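**Student:** Below you will find the structure I want to go over with you.
The values are calculated or read from the model by the stated rules, or taken from the named source; none is laboratory data. Fair warning: this is a prediction, and the values are worked out from it, not measured in the lab. No Cβ is skipped: glycine too gets one built from the backbone with ideal geometry, and neighbour counts run over all protein chains shown.
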Amino acid sequence: MPLGRRGKSGGCTVSGESRRVEQQSVAGTRAYTRTAGILCSVVRSSNLKFKCGIFSDKLEQKMLEGTKINTPSQMASVFDIAKDTVLFLVLSCYYILESFFWTLVPNAIRPMKSLRGDVVLVTGGGGGVGRQLAVKLARLGAKVVVWDISKEGLQKTCAAVIDEGYEIASYVVDLADRSAVYATAEKVKKDIGKVDVLINNAGTVFGETLLDLSDSAIETTYKVNILSHYWTVKAFLPEMISSGKGHIVTVGSVAGLLGTYRCTDYSATKFATVGFHESLFTELRAHGHNTIHATLVCPYYINTGMFDGVTPRLMPMLEPDYVAETMIDSIRKNEVNCIMPGSVRYLLPLKCLLPAKMCWDLMNRVMKGPQSMMEFKGKPKTVAS
């Protein structure tokens with residue numbers, strides 16, 4: 001059936017079917033307006049300070065101008081919503097059972113992807129967790145590339161890898177310098193080839209209260225801890241998408257899930273890495289790039305010298321060897337989240353579920369969080385997070 005026909009005046013004459021739809025829409029709008037008017041009269045009679053009368057008048061004006069609200073055919077049907085909800089609940093049960101099953105299976109017998117032959121780039125590879133990652137990845141047959149601002153640190157990392165009979169490439173780069181990051185990325189592509197796994201591991205912390213932090217220190221922390229993630233991902237992600245293979249690892253921190261004393265700069269940037277990573281993950285999935293994996297790593301304090309002076313009351317600092325091993329296992333299992341130690345994940349919901357005063361008492365009285373950071377010195381240079 002034609003939607004309309006052109007009259008002698010050159011205008012468009014609406015067909016009978018279209019006219020009926022329009023009349024129904026206008027009638028529905030008028031009914032909606034009358035209902036709104038009744039509600040507004042009730043509100044006015046209750047002396048509540050709502051401007052419903054203005055709303056009703058504007059709606060009537062829009063109706064007279066020919067503006068129509070969405071018709072039922074333009075809205076999602078109740079059946080579709082119910083179907084999607086049931087499907088979600090069924091899949092949720094499956095996902096929970098799957099997750100529980102794999103927690104019972106030891107890594108030794110669990111299927112994990114191979115990294116042999118993959119080019120793996122580790123930022124902050126001049127020491128700490130970065131160095132441990134380089135050595136362990138080389139043992140798995142990966143082609144390891146390390147970045148760091150410290151030439152001396154890179155030399156030590158390369159020596160540790162070469163001593164075990166493996167090859168490694170290193171590049172001195174200041175992650176706070178956007179131009180340097182992009183230039184070095186192009187050099188890596190030319191010298192080594194496409195990067196298959198990108199591990200944004202570098203980080204910096206100054207260990208001062210907000211009023212003691214200099215503006216330049218704050219800017220440096222943001223550039224290294226979060227802005228560099230934008231630059232490295234933008235540099236290497238296009239090739240991953242083109243090849244249909246890739247993995248992006250974002251090293252955040254438990255301090256990015258829970259604010260920490262004397263870490264207004266560090267915690268803020270680590271919160272940002274969590275948001276950055278989760279948004280990136282949704283972009284990859286929304287555009288169908290399901291073979292590009294993304295893993296968010298949030299470890300507790302690590303004994304790398306970055307948090308010298310910190311004296312945790314309940315949980316000891318993590319060792320770099322353990323953190324690196326756990327990270328690699330998560331990468332090989334294509335895990336979405338990796339929180340270390342695992343017990344921390346059960347404490348995090350308390351921040352939202354418990355009263356604020358109770359949370360502070362737990363942090364201050366039981367865990368002695370602020371007290372444990374009183375002697376924290378920080379390590380203001382680019383090292384492993």
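**Student:** Among the residues of region 216-269 satisfying the criterion of being within 23 Å of Pro341 (Cβ to Cβ) and under 13 Å from the mean Cα position of the chain (by Cα), which is surrounded by the fewest Cβ atoms within 10 Å (Cβ to Cβ)?
**Tutor:** Top of the filtered list is Leu257.
**Student:** Kindly indicate which of Asp308, Asp329, Asp361 is charged (D, E, K, R), under 30 Å from Val135 (Cα atoms) and modelled with pLDDT under 75.
**Tutor:** Working: Asp329 fails: modelled with pLDDT under 75; Asp361 fails: under 30 Å from Val135 (Cα atoms).
Unique residue meeting the criteria: Asp308.
**Student:** Out of the residues in region 162-202 that are of a type in the set (A, V, I, L, M) and within 24 Å of Pro299 (Cα to Cα), state the one that is surrounded by the fewest Cβ atoms within 10 Å (Cβ to Cβ).
**Tutor:** Here is the first cut: in region 162-202, the ones of a type in the set (A, V, I, L, M) are 162, 168-169, 172-173, 175-176, 180-181, 183, 185, 188, 192, 195, 197-199, 202.
Add one more test, that the residue is within 24 Å of Pro299 (Cα to Cα), and what stays is 175-176, 197-199, 202.
On the way: Leu175: 27, Ala176: 20, Val197: 26, Leu198: 26, Ile199: 30, Ala202: 29.
Looking at residues that are of a type in the set (A, V, I, L, M) and within 24 Å of Pro299 (Cα to Cα), I get Ala176.
**Student:** What about Leu89, is it out of contact with any Asp or Glu (no Cβ under 8 Å at 6 or more places or on another chain), in contact (Cβ under 8 Å) with a residue 40 or more places away in the chain, outside any loop (DSSP other than H, G, I, E, B) and of a type in the set (A, V, I, L, M, F, W, C)?
**Tutor:** On the way: out of contact with any Asp or Glu (no Cβ under 8 Å at 6 or more places or on another chain): yes; in contact (Cβ under 8 Å) with a residue 40 or more places away in the chain: no; outside any loop (DSSP other than H, G, I, E, B): yes; of a type in the set (A, V, I, L, M, F, W, C): yes.
No: the conditions fail for Leu89.
**Student:** When residues of region 235-253 are filtered for being touching a residue at least 12 places away in the same chain (Cβ under 8 Å) and either hydrophobic (A, V, I, L, M, F, W, C) or in a helix (DSSP H, G or I) (or both), how many remain?
**Tutor:** 10
**Student:** Could you list, in sequence order, the residues of region 236-271 that are more than 15 Å from Tyr301 (Cβ to Cβ) and either basic (Lys, Arg) or not assigned by TED's automatic domain parsing to the domain that holds Leu175 (or both)?
**Tutor:** Pass one, region 236-271, residues more than 15 Å from Tyr301 (Cβ to Cβ): 236-250, 264-265, 268-269, 271.
Matches in region 236-271: Lys245 only.
**Student:** Report, by residue number, each residue of region 141-166 that is under 27 Å from the mean Cα position of the chain (by Cα) and within 21 Å of Met240 (Cα to Cα).
**Tutor:** Ala142, Lys143, Val144, Val145, Val146, Trp147
**Student:** Do you know which residues across region 270-288 are free of Cβ contacts under 8 Å to residues at least 24 places away in the same chain and either over 20 Å from Val336 (Cα atoms) or in contact with a helix residue (DSSP H, G or I) (Cβ under 7 Å, 6 or more places away or on another chain) (or both)?
**Tutor:** At the first step, the residues of region 270-288 found to be free of Cβ contacts under 8 Å to residues at least 24 places away in the same chain are 271, 275, 278-279, 282-288.
Once the filter is applied, which keeps residues that are free of Cβ contacts under 8 Å to residues at least 24 places away in the same chain and either over 20 Å from Val336 (Cα atoms) or in contact with a helix residue (DSSP H, G or I) (Cβ under 7 Å, 6 or more places away or on another chain) (or both), region 270-288 yields only Phe271.
**Student:** Has region 220-235 got any residue that is assigned by TED's automatic domain parsing to the domain that holds Tyr301, touching a Pro at 6+ places or on another chain (Cβ under 8 Å), β-branched (Val, Ile, Thr) and within 25 Å of Val344 (Cα to Cα)?
**Tutor:** No.
**Student:** Moving on. Mind listing whichever residues of region 127-147 are in contact with a Lys or Arg (Cβ under 8 Å, 6 or more places away or on another chain) and among the basic types (Lys, Arg)?
**Tutor:** Hit for region 127-147 is Arg131, nothing else.
**Student:** Follow-up question, since we're still on this one. Listed residues Thr157, Thr184; which is among the hydroxyl-bearing types (Ser, Thr, Tyr), out of contact with any Cys (no Cβ under 8 Å at 6 or more places or on another chain) and either within 19 Å of Ile226 (Cα to Cα) or outside the structural domain of Thr232 (by TED's automatic domain parsing) (or both)? If you could, list the steps in order and put the result at the bottom.
**Tutor:** On the way: Thr157 fails: either within 19 Å of Ile226 (Cα to Cα) or outside the structural domain of Thr232 (by TED's automatic domain parsing) (or both).
Matching residue, one of Thr157, Thr184: Thr184.
**Student:** May I ask you to verify whether Asp215 is free of Cβ contacts under 8 Å to residues at least 40 places away in the same chain and farther than 18 Å from Leu348 by Cα?
**Tutor:** On the way: free of Cβ contacts under 8 Å to residues at least 40 places away in the same chain: yes; farther than 18 Å from Leu348 by Cα: yes.
So Asp215 fits the description; yes.
**Student:** With respect to the numbered conditions (1) in contact with a strand residue (DSSP E or B) (Cβ under 6 Å, 6 or more places away or on another chain); (2) at pLDDT below 70, which one is the sole condition not fulfilled by Thr295?
**Tutor:** Checking Thr295 against (1) in contact with a strand residue (DSSP E or B) (Cβ under 6 Å, 6 or more places away or on another chain); (2) at pLDDT below 70, the one that fails is (2).
**Student:** Is at least one residue of region 157-167 farther than 19 Å from Tyr222 by Cβ and among the aromatic types (Phe, Trp, Tyr)? First the steps, then the outcome.
**Tutor:** Just the residues of region 157-167 that are farther than 19 Å from Tyr222 by Cβ, to begin with: 157-167.
With the extra rule that they be among the aromatic types (Phe, Trp, Tyr), the set shrinks to 166.
Checked against the condition, which is being farther than 19 Å from Tyr222 by Cβ and among the aromatic types (Phe, Trp, Tyr), region 157-167 yields at least one hit.
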